[in-house]
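The values are calculated or read from the model by the stated rules, or taken from the named source; none is laboratory data. The structure presented is a predicted model; accordingly, all values stated were derived computationally and were not measured. Cβ: placed from backbone, ideal geometry, glycine included. Neighbour counts: every protein chain shown. Accessible surface is based on the protein model in full, side chains and every heavy atom, while ligands, DNA and RNA are left aside. Shrake-Rupley method; radii C 1.70, N 1.55, O 1.52, S 1.80 Å.
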Amino acid sequence: MDKVKANMKSCLNPVPKVLVSCRGLNGEENALAVGYCGNCSYDPPMVMVGIVPSRYSYHMIKESGCFVVNLVDSKYQETFIYLGSHSKKNEDKLAIMKVKLEAGKVVNAPILSDCPVNIECTVVDSIITGSHEMFIGKIEYVHGDSKLVSKDGMIDFSRINFL
Ligand SMILES: Cc1cc2nc3c(=O)[nH]c(=O)nc-3n(C[C@H](O)[C@H](O)[C@H](O)COP(=O)(O)O)c2cc1C
């Protein structure tokens, strides 16, 4: 394989494509597309999401100290793209896209009902890495589509048609 020097930005690819949902202290709800996301601890279970401070959601997550990571399947592509290219600064995008929400079981943030897996998290730390602030989320509760979850709670990710 012949190699040449390549661009360094966002060069870890492919990345998960998730929707992160949140609720501000005033009760308003929002969700944005996030590609800077990953597992960061097995025990205790933790994930991290990277949010740019100019996002409307950033202050909501900072204030509430929690968020939900929603895994997205291909049927939700249009909604994913819309939520990742429009800001709550300008419009109520959840209402425009008729996004179905339910209250989180543990954290003060909504889950997206039409996503097959929803991971409720409490922020335990954050690191400003550069363009993004990485929020470390302790996983408090995982909702999985009953068709995908075995008796012992394992999610069959191979049956999700990811974006
Ligand atoms: C594929 C994709 C991945 C994205 N990844 C991130 C990300 O990791 N972090 C981030 O802050 N914004 C990311 N964005 C951009 C936000 O989703 C977008 O700016 C959104 O409109 C912010 O919404 P808000 O201002 O209502 O919070 C991504 C957008 C797309 C389409």
Right, Lys89: more than 30 Å from Asp156 (Cα to Cα), without any contact (Cβ under 8 Å) to a residue 60 or more places away in the chain and either assigned to a loop (DSSP other than H, G, I, E, B) or more than 13 Å from the ligand (Cβ to nearest atom) (or both) or not? yes
Determine the pairs where a residue that is surrounded by 10 or more Cβ atoms within 10 Å (Cβ to Cβ), located within segment 147-163, has a partner that is of a type in the set (Lys, Arg) and in a loop (DSSP other than H, G, I, E, B) with Cβ atoms under 9 Å apart, the partner being 6 or more residues away or on another chain. Asp156/Lys147; Arg159/Lys147; Phe162/Lys17; Leu163/Lys17
Which condition breaks for Glu102 when tested against (1) open to solvent by less than 60 Å² (accessible area, probe 1.4 Å); (2) part of a strand (DSSP E or B)? (1)
Filtering segment 37-63 down to residues that are under 20 Å from Lys88 (Cα atoms) and either aromatic (Phe, Trp, Tyr) or not in a helix (DSSP H, G or I) (or both) yields Val49, Gly50, Ile51, Val52, Pro53, Ser54, Arg55, Tyr56, Tyr58
Among the listed residues Ser113, Ser146, identify the single one that is among the small types (Gly, Ala, Ser), more than 16 Å from the ligand (Cβ to nearest atom), farther than 20 Å from Leu25 by Cα and under 14 Å from the mean Cα position of the chain (by Cα). Ser113
Tell me the residue from Ile81, Ile127 that is in contact (Cβ under 8 Å) with a residue 40 or more places away in the chain and not in a loop (DSSP other than H, G, I, E, B), please. Ile81
Return yes when Ser74 is more than 9 Å from the ligand (Cβ to nearest atom) and either open to solvent by 30 Å² or more (accessible area, probe 1.4 Å) or out of contact with any Phe, Trp or Tyr (no Cβ under 9 Å at 6 or more places or on another chain) (or both) and no when it is not. yes
Have a look at Thr79, Thr129, Thr122 and point out the one that is under 20 Å from His59 (Cβ atoms), open to solvent by less than 80 Å² (accessible area, probe 1.4 Å) and among the polar types (S, T, N, Q). Thr122
